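Note sheet for the following structure.
The values are calculated or read from the model by the stated rules, or taken from the named source; none is laboratory data. Note that the structure is predicted; figures quoted are calculated from it, not measured. We place every Cβ from the backbone using ideal geometry, glycine too, and count neighbours over all the protein chains shown. The area values use the complete protein model at the heavy-atom level, side chains included, leaving out ligands, DNA and RNA. Shrake-Rupley method; radii C 1.70, N 1.55, O 1.52, S 1.80 Å.
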Amino acid sequence: MSTARYDLHTHSTESDGTEPAADVVHAAALAGLDGLALTDHDTTAGWAAAADAARETGLLLVPGMEMSCMAADGTSVHLLSYLHDPADPSLLAELGASRDARLTRAQSMTDRLAEDFPITWDLVREHASENATIGRPHIADALVTIGAVPDRSAAFSSILRGGSKYYVPHYAVDPVEAVRLVRAAGGVPVFAHPRARLRGRIVGDDVLEAMIEAGLAGLEADHRDNPEQERTWLRETATRHGLFVTGSSDYHGAGKPNLIGEFTTGPEVLAEIEHQGTGAAVVRG
Ligand code: AMP
Ligand code: FE
Ligand code: FE
Ligand code: ZN
């Protein structure tokens, strides 16, 4: 049992992954994992299907989510939440605000793109499943369809990158407030890919310390977007502040090169998450 491996960061078609939640669970089983967390952006809509698939395959499922946040200086932060109450009204209000803002923002980006590319809002919508949390990956897929770029990664390194003239930011809750909201909903907040410099600007240590002060539980140290030399710093920081560290893939199906199970978390940390999380239960298949 002590060698069990869990991938605690994956996405389905409820956000910007390319596989339905049940398929993500099956992919985890095929990869030989003992369990996974489903962590779609700003939604828990995939939990029920993932739970059914976990029961079918005998895998362990940690119901989770990746919450969009924006620090005061405009820097984007992603906060993973495990085992929060999916019906918590305060949390739901913020998720609704982010999801609405994402929709308006994706329409604005599409309007800007339509001046230079044969892209329409309908085409973007066709690349997202109904009620999915909309993001740049869906716009990227539409750009692939019209032949403007070969794949999502190419879209993100050119047309859709942060500094592009087509880029529009969107409202999201402050990360310190998000930590409080997740805790208040019985969830376990973990800072996702805290040193992912390739994705854009990262927040300073002042924000990290404020998040810790507000109740942050862990740091996602082992993630391909954290430069290797910084993973050590993250582990040391976690030890210094009494936080745990996780390792995860951030699997998006065919939408990203990240392979399910490429980084994993062990049973001791899983037990700690289960111990701290009081808003939802782990599903044991
Ligand atoms: P958004 O939240 O709409 O600004 O889009 C950011 C999302 O795009 C993140 O959640 C990532 O999963 C995804 N993303 C970022 N960079 C890439 C990339 N190079 N290839 C594919 N997806 C990416
Ligand atoms: Fe994503
Ligand atoms: Fe993320
Ligand atoms: Zn993610």
Taking segment 60-74 as the region of interest, how many residues are more than 21 Å from residue 139 (Cβ to Cβ) and part of a loop (DSSP other than H, G, I, E, B)?
3
State which residue pairs qualify: first residue free of Cβ contacts under 8 Å to residues at least 60 places away in the same chain and more than 21 Å from residue 103 (Cα to Cα) and inside segment 135-156, second residue within 16 Å of ligand 4 (Cβ to nearest atom) and open to solvent by 50 Å² or more (accessible area, probe 1.4 Å) in any location, beta carbons under 6 Å apart, and separation of 6 or more residues or different chains.
none
Could you run through segment 177-200 and say how many residues are hydrophobic (A, V, I, L, M, F, W, C), open to solvent by 20 Å² or more (accessible area, probe 1.4 Å) and free of Cβ contacts under 8 Å to residues at least 40 places away in the same chain?
1
Close pairs from segment 230-255: first under 23 Å from residue 137 (Cβ atoms) and of a type in the set (Lys, Arg), partner modelled with pLDDT of 95 or more and in a helix (DSSP H, G or I), Cβ under 7 Å, at least 6 apart:
none
Residues of segment 24-56 being polar (S, T, N, Q) and farther than 19 Å from residue 270 by Cα, in sequence order, are 43, 44
The correct count of residues that are open to solvent by less than 10 Å² (accessible area, probe 1.4 Å) and over 23 Å from residue 223 (Cβ atoms) in segment 61-96 is 1
Pick from segment 31-46, criterion small (Gly, Ala, Ser) and not in a loop (DSSP other than H, G, I, E, B), ranking: nearest to ligand 4 (Cβ to nearest atom):
37
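Quick grid of which residues meet (1) under 29 Å from residue 156 (Cα atoms); (2) within 16 Å of ligand 2 (Cβ to nearest atom); (3) buried (at least 20 other Cβ atoms within 10 Å of the Cβ); (4) among the acidic types (Asp, Glu):
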position: 220; (1), (2), (3), (4): yes, yes, yes, yes
position: 223; (1), (2), (3), (4): yes, yes, yes, no
position: 233; (1), (2), (3), (4): yes, no, no, no
position: 240; (1), (2), (3), (4): no, no, no, no
position: 251; (1), (2), (3), (4): yes, yes, yes, no
position: 257; (1), (2), (3), (4): yes, yes, no, no
position: 270; (1), (2), (3), (4): no, no, yes, no
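Condition check: assigned to a helix (DSSP H, G or I), more than 16 Å from ligand 2 (Cβ to nearest atom) and in contact (Cβ under 8 Å) with a residue 60 or more places away in the chain. Does residue 90 satisfy that?
The answer is yes for residue 90.
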Within segment 7-30, can one find any residue that is within 17 Å of the chain's Cα centre (by Cα), in a strand (DSSP E or B), modelled with pLDDT of 95 or more and within 16 Å of ligand 4 (Cβ to nearest atom)?
yes
For segment 155-176, enumerate the residues that are surrounded by 14 or more Cβ atoms within 10 Å (Cβ to Cβ), of a type in the set (Gly, Ala, Ser) and within 16 Å of ligand 2 (Cβ to nearest atom).
155, 172
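If you go through segment 47-64 one residue at a time, do you hit one that is among the β-branched types (Val, Ile, Thr), farther than 25 Å from residue 276 by Cβ, more than 17 Å from the chain's Cα centre (by Cα) and more than 16 Å from ligand 4 (Cβ to nearest atom)? Steps first, answer last, please.
Step one: list which residues in segment 47-64 are among the β-branched types (Val, Ile, Thr), which gives 57, 62.
The next check asks that each one be farther than 25 Å from residue 276 by Cβ; those that pass are 57.
Those still in the list that are more than 17 Å from the chain's Cα centre (by Cα) too: 57.
Still in the list and also more than 16 Å from ligand 4 (Cβ to nearest atom): 57.
Checking segment 47-64: at least one residue is among the β-branched types (Val, Ile, Thr), farther than 25 Å from residue 276 by Cβ, more than 17 Å from the chain's Cα centre (by Cα) and more than 16 Å from ligand 4 (Cβ to nearest atom).
So which of 34, 42, 23 is of a type in the set (Asp, Glu), on the phi > 0 side of the Ramachandran plot and touching a residue at least 24 places away in the same chain (Cβ under 8 Å)? So that I can check it myself, show each step before the final result.
Numbers: 34 fails: on the phi > 0 side of the Ramachandran plot; 23 fails: on the phi > 0 side of the Ramachandran plot.
The match here is 42.
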Residues of segment 1-30 being within 16 Å of ligand 1 (Cβ to nearest atom) and among the charged types (D, E, K, R), in sequence order, are 7, 14, 16, 19
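Check whether at least one residue in segment 262-278 is within 16 Å of ligand 1 (Cβ to nearest atom) and closer than 23 Å to residue 11 by Cα, and report yes or no. I'd like the intermediate steps shown before the answer.
Taking segment 262-278 as the starting set, the residues that turn out to be within 16 Å of ligand 1 (Cβ to nearest atom) are 262-263.
With the extra rule that they be closer than 23 Å to residue 11 by Cα, the set shrinks to 262-263.
Yes.
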